[in-house]
Amino acid sequence: MKKTILTGTVFSSLFLAGCVFGGSPEEDISEALDSTVEKEQEYVDSQEPLKKLEQEEQELFNKIMGLGMEEFEEVETLADEALENLDQREEQLSVEAASMQEAEEEFMAIEEYVQDIEDENLQTHVEEMVSVMTERYELHGNLVEQYSEGIEYDRELYTMLKDQELELEDLEGQIEKVNSQYNEITETNEGFNGLTDEYNSLKSEYYSMIEEE
């Protein structure tokens, strides 16, 4: 029996352009875009410790699966370690969610400048950027909810493993439940990364457009 986790998943991040030019509202938008990247830094920084915790949890699970019922005390100890691991992952997720919430608020501030852009093509381009990022932040909110639910399923799993009367059928059913949840998370994350890449491309084009003005 194998339990799926997100180890090895690569989360796309925004890039910082640092473009300086004269004029407003383009200048205000540019500042908001770069500030958004800074606000997302905690999200970026949380990815590595989260990945490490996922790897550690997988190792604990593998050790538990390699033990027999005659080693139940060790199973309990390892399950408790895994439960502590889940608490730490929850903390990292909270940091990530807060970072993205602040970044979203920062980014959405550019909406008040869009109508002041004189160039129609540039205005349309910025509106597209806003549309992509709105969908991206919405998808990240879904990711947080899905990942929180995945942690809860994991917590149920390790609590079950501390039950000496646990039936194999129940264990297999819970592992299947966990795997299904993490497969869903992986799919959502791929969509999130795709939107991040799309936005980065639009942002790069935006800076090219304003430099040509």
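The values are calculated or read from the model by the stated rules, or taken from the named source; none is laboratory data. Every value quoted in this text rests on a predicted model; they were computed, and no experiment measured them. Note: ideal-geometry Cβ built from the backbone for every residue, glycine included; neighbour counts use all protein chains shown. Remember, those area values only see protein heavy atoms, side chains included, never the ligands or the DNA or RNA. Shrake-Rupley method; radii C 1.70, N 1.55, O 1.52, S 1.80 Å.
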Legend entry - Test: Val44 is part of a loop (DSSP other than H, G, I, E, B) and at pLDDT below 90: no
Inset, instruction - Just give me the residues in segment 85-103 being touching a residue at least 60 places away in the same chain (Cβ under 8 Å) and of a type in the set (D, E, K, R), in sequence order. - result: Arg89, Glu90, Glu102
Legend entry - Matching entry among Asn183, Asn179, Asn193 (being out of contact with any helix residue (DSSP H, G or I) (no Cβ under 9 Å at 6 or more places or on another chain), under 20 Å from Gln47 (Cα atoms) and buried (at least 17 other Cβ atoms within 10 Å of the Cβ)): Asn193
Legend entry - Any chance Ser94 is open to solvent by 40 Å² or more (accessible area, probe 1.4 Å) and modelled with pLDDT of 90 or more: yes
Inset, instruction - From Glu169, Glu128, Glu152, grab the single residue that is surrounded by fewer than 17 Cβ atoms within 10 Å (Cβ to Cβ), over 20 Å from Asp80 (Cα atoms) and free of Cβ contacts under 8 Å to residues at least 24 places away in the same chain. - result: Glu169
Legend entry - First in segment 180-196 and among the small types (Gly, Ala, Ser), second anywhere and surrounded by 14 or more Cβ atoms within 10 Å (Cβ to Cβ), Cβ under 6 Å, 6 or more apart: Gly191/Leu139
Inset, instruction - Could you grab me the full set of residues in segment 167-213 that are of a type in the set (Asp, Glu) and assigned to a helix (DSSP H, G or I)? - result: Glu169, Asp170, Glu172, Glu176, Glu184, Glu187, Glu190, Asp197, Glu198, Glu205, Glu211, Glu212
